[in-house]
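Worksheet for the structure shown next.
The values are calculated or read from the model by the stated rules, or taken from the named source; none is laboratory data. Because the structure is a prediction, the values reported are computed rather than measured. When we count neighbours, we look across all protein chains shown, and the Cβ atoms used for this are built from the backbone with ideal geometry, even at glycine.
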Amino acid sequence: MKKNIFFIFFVVIPILSFSQENFIDEFGRKQGKWTAKYDNGTIRYKGDFKDDKPQGIFYFYYDNGNLHITQDFFHDGSAAATHIYYKNGFLKAAGLYINKLKDSTWNYYRKDSTIIMSEKYDKGVLNGTTKTYYNNGSIYESQRWMNGMRNGPYKQYYLAGNIQFECFYVNDKKEGEVRSFHENEKIYFQGNYLNGKRVGKWNYFDNNGVQDTIVNYNE
């Protein structure tokens, strides 16, 4: 049996080697408690099956015995609330699988438990706003997704919370006006995109907001 868990860090649970104590009924279905071990004898995973479907909480472990992943199965084994941990015990990622696909909100964390990123999925496809964060928890950037493509506003922020850059995406390509700002909130540059390409006049400004450069992308 191979059980794969995919997320931003590409965690993969290896192929499991089951011992003879794990029961398969006359119809070839897994039943009852199942356990797998590493070559060094420590438990790799344990959980319960009913008619070949996972039931309740499954526990996956690192080869040193520390908890790696928990999956709490429901809806007759088709959905699983999943928590993934670093070896130091802190939470690494948390989210929901439905029919083995990411769904709803997924959050990812650093080893000190501060949040890195939050994503929203629908049937394994990014849909909604993705946010990434600075170490102090303030937002670094936000991006709207639709059907797995960037569609909608994108914003990037300075550590203090003021906007550094903003633009708009249509089907993964920048479209329309873009603006960037100095850390003192004065405009840095302004221009336009058409189908992902810079067009027209782009205006650049110094720290005081005084225009110092013009670049014409139509020439």
Could you count how many residues in segment 81-135 are among the hydroxyl-bearing types (Ser, Thr, Tyr) and free of Cβ contacts under 8 Å to residues at least 24 places away in the same chain? 11
Six or more apart or on different chains, Cβ under 7 Å: which pairs go from a residue in segment 32-55 that's outside any loop (DSSP other than H, G, I, E, B) and among the polar types (S, T, N, Q) to one that's modelled with pLDDT under 95 and surrounded by fewer than 15 Cβ atoms within 10 Å (Cβ to Cβ)? Could you list them? 35/19
Considering only residues that are farther than 16 Å from residue 214 by Cα and part of a strand (DSSP E or B), which ones fall in segment 159-180? 163, 164, 165, 166, 167, 168, 169, 170, 173, 174, 176
For residue 25, all conditions in the list (1) at pLDDT 95 or above; (2) exposed (fewer than 13 other Cβ atoms within 10 Å of the Cβ); (3) not hydrophobic (A, V, I, L, M, F, W, C) hold save one; what is the number of the exception? (1)
Do we have any residue at all in segment 165-182 that's of a type in the set (Val, Ile, Thr) and touching a Ser or Thr at 6+ places or on another chain (Cβ under 7 Å)? no
Mind checking which strands (runs of 3 or more DSSP E) fall wholly inside segment 59-158 and carry at least 1 residues that are assigned by TED's automatic domain parsing to the domain that holds residue 174 and loosely packed, with under 14 Cβ neighbours inside 10 Å? 149-157
Select from segment 161-173 the residues that are closer than 17 Å to residue 188 by Cα and without any contact (Cβ under 8 Å) to a residue 24 or more places away in the chain and list them in ascending order. 161, 162, 163, 164, 165, 166
